[in-house]
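Okay, structure first, notes after.
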Amino acid sequence: MKLTFRWYGPNDPVTLEKIRQIPTMTGIVSAVYDVAPGGIWSQESIQAIKDAATQNGLEFEVVESVPVPEEIKLGTDKAPALIEAYCENVRRLGKAGVKCICYNFMPVFDWLRSELSHPLPDGSNALAYDDATVLSMNPLTSDLSLPGWDESYTKDGLKDLLQKYSGITEEDLWHNLATFLRAVIPVAEEAGVKMAIHPDDPPWGLFGLPRIITNESNLERFLHLVDSQNNGLTLCTGSLGANPANDLPALIRKFAGRIHFVHLRNIQYMGERCFTETAHPTSCGSLDMFEIVRALVETGFEGYVRPDHGRMIWGETGRYGYGLYDRALGATYIAGLWEAIEKMEEMQHD
């Protein structure tokens, strides 16, 4: 596997100079952040990310993400032109050496949390989710400002967008996703890029909006929409793991070969549809990180891994979930688990 780290560009307080000092780190996961969804990324902007990474001894082989415009998810008459623009971005990224693109198909809202700095017993703080609290937020009146959510919508624009989705069912969303994939995946094959859809976070519907990348049966349905190795998954343990019914090691074994990118993090269940994010080790939460990593090793996973959201520790401030210290601890924990399990496998075969 290749251990990677999310980087939000030159304005990210977590600099490439710091990322390169994390042991066994091979590359960054980044994107062009100053182009609106539906726009075409300039080759100069893509190359600037690659050059910055290379100057720090890091690779730029994973993009997270090329956003899918809402018009594509809605299937409007603007969708064909926007899909072609998306395809052009895939071509340009492939030409620049990008091997994997992580994206999602979540309507309107990306990952949502009810609390950004939930206090943990050890004095750190982390992202947290409580379903009742989230559903009590009226997205038309509340000041939602969460990392990962496109904050470019005005309240009026958000209201109009939610109204457009009022008649969109899960089957409509499946249809529009299939249309998107049938255009994009052949381009990805030619460009040498593996597309890796991110599961919905959390993996259930919100505010009446359909969500479909949520569980085993839906992941299987997704992979059959276009049966290509370039049409694959981002296995996010924190997203899928928010539903205890999702058996993560079993999912890894079932979909081996179609998982191209893995986000590893732990969460602690606090009740039904209620959880806090925690430090990465198994003992810190509800997910068995050892068994998750063992399933990846045993199935021969050779793709990209990154430590996902981290706590804010040691007085650090910055982008919620994306500080340096706890994600760096998570990275070294993942590397240690991986080495130990690989050596266990080697010993068993000697």
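Table for the structure above
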quantity: Count - residues of segment 91-115 that are touching a strand residue (DSSP E or B) at 6+ places or on another chain (Cβ under 6 Å), over 18 Å from T234 (Cβ atoms) and open to solvent by 20 Å² or more (accessible area, probe 1.4 Å); calculated: 2
quantity: Members of segment 165-213 found to be among the charged types (D, E, K, R), closer than 22 Å to I252 by Cα and either part of a helix (DSSP H, G or I) or open to solvent by less than 10 Å² (accessible area, probe 1.4 Å) (or both), listed by number; calculated: D200, D201
quantity: Looking only at segment 288-317, and only at residues there that are small (G, A, S) and part of a loop (DSSP other than H, G, I, E, B), the one that is most open to solvent (accessible area, probe 1.4 Å); calculated: G315
quantity: Per-region count, segment 318-339, residues modelled with pLDDT of 95 or more, of a type in the set (D, E, K, R) and assigned to a loop (DSSP other than H, G, I, E, B); calculated: 0
quantity: Residue tally, condition touching a Ser or Thr at 6+ places or on another chain (Cβ under 8 Å) and within 17 Å of C100 (Cα to Cα), over segment 33-52; calculated: 1
quantity: Selection within segment 20-64 - touching a residue at least 60 places away in the same chain (Cβ under 8 Å), buried (at least 18 other Cβ atoms within 10 Å of the Cβ) and over 19 Å from the mean Cα position of the chain (by Cα); calculated: I22
quantity: Elements of type helices (runs of 4 or more DSSP H) in segment 214-287, at least 1 residues being charged (D, E, K, R); calculated: 216-225, 248-254
quantity: Selection count where residues are open to solvent by less than 40 Å² (accessible area, probe 1.4 Å) and either over 30 Å from A79 (Cα atoms) or modelled with pLDDT under 95 (or both), scope segment 3-19; calculated: 7
quantity: Of all residues making up segment 318-337, the number that are buried (at least 20 other Cβ atoms within 10 Å of the Cβ) and under 21 Å from the mean Cα position of the chain (by Cα); calculated: 12
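The values are calculated or read from the model by the stated rules, or taken from the named source; none is laboratory data. What you are looking at is a predicted structure, and each value in this text was computed from that prediction instead of being measured. Heads up, the Cβs are rebuilt from the backbone with ideal geometry, glycines too, and the neighbour counts pull from every protein chain shown. Heads up: the accessible areas ignore ligands, DNA and RNA and are worked out on the full protein's heavy atoms, side chains in. Shrake-Rupley method; radii C 1.70, N 1.55, O 1.52, S 1.80 Å.
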